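Notes follow once the structure below has been shown.
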Amino acid sequence: MIDLAKMKQSVGLATPIGKLRDLHDRLCPILENMTPEEQQCMLLIMERLVIGKLGHKCTIKFGENVWNGQHCCICNVPLEQEGQAVWFISRWEKTSVMLCLCEEHSKETFEVDVDILTGALRSQIGYP
């Protein structure tokens with residue numbers, strides 16, 4: 001079961017826990033009888049029906065690192081308002097992921113998989 005209280009708090013829902021539990025309990029039997037592919041298709045349809053034209057907005061801020069106490073996400077060197085930063089902010093889930101780069105690594109191209117739902121990195125940072 002999903003931690004509904006944590007979800008409620010993390011995205012700032014005003015809906016009572018009892019109502020969330022009721023919605024969860026109504027949804028589970030529907031999903032249990034579907035294949036993973038059907039569940040994913042249903043989620044895509046629901047996203048478009050619920051979020052509509054607003055979409056799952058993700059703000060991306062990038063440029064000079066203006067924060068203290070960050071570390072390069074590749075070599076872990078401490079950064080004090082130096083290097084570059086990329087910050088992903090999910091407006092729907094109210095999560096964010098910040099990646100800071102030292103001057104040396106900001107000159108390179110890298111990739112990483114991010115779960116914007118939770119703000120967690122899902123892969124090692126690597127090069128294409």
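Compute the longest continuous run of the chain that contains no exposed trypsin sites (Lys or Arg not before Pro); treat a site as exposed when its DSSP state is not H, G, I, E or B and it has at most 13 other Cβ atoms within 10 Å. Don't jump to the answer; show the numbers that get you there.
On the way: sites that count: Lys57, Arg91, Lys94, Arg122.
The longest uninterrupted stretch comes out as 1-56.
Dividing the summed -39500 (n - 2.57) terms of all DSSP H runs of n ≥ 4 by the residue count of the chain sets its mean residue ellipticity at 222 nm at -10000 deg cm²/dmol. Hull volume per residue, based on the alpha-carbon atoms of segment 44-100 and their convex hull, is 87 Å³.
For segment 5-128, how big is the tail of P(r) above 20 Å, as a whole percent of Cα pairs?
Of the Cα pairs, 60 percent sit more than 20 Å apart.
Looking at the chain, what % of its DSSP beta bridges pair antiparallel, to the nearest 5? Display every interim value, and only then the final one.
Working: 20 of 21 bridges.
The antiparallel fraction comes to roughly 95 percent.
With a/c under 1.5 counting as rounded, go ahead and sort segment 4-54 into rounded, prolate or oblate using the C-alpha gyration tensor (a ≥ b ≥ c being the square roots of the eigenvalues; past the cut-off, prolate if a/b is larger than b/c, else oblate).
Working: a/c = 2.49, a/b = 1.32, b/c = 1.89.
Since a/c reaches 1.5 but b/c is at least a/b, the shape of segment 4-54 is classed as oblate.
Looking only at Gln81, Gln70, Gln39, which one moves most when the chain is put into a Gaussian network model with springs between Cα atoms under 10 Å? Largest GNM mean-square fluctuation: Gln39. Checking the Cα-Cα distances for Lys19/Lys94; Lys6/Lys94; Lys57/Lys94; Lys61/Lys94; Lys8/Lys94 against a 19 Å cut-off, the pairs over it are Lys19/Lys94.
Each reported figure results from applying straightforward, stated rules to the coordinates on display, with no laboratory input. Source: prediction; values computed, not measured. Don't worry about glycine lacking a Cβ; one is built from the backbone with ideal geometry, like all the others, and counts go over all protein chains shown.
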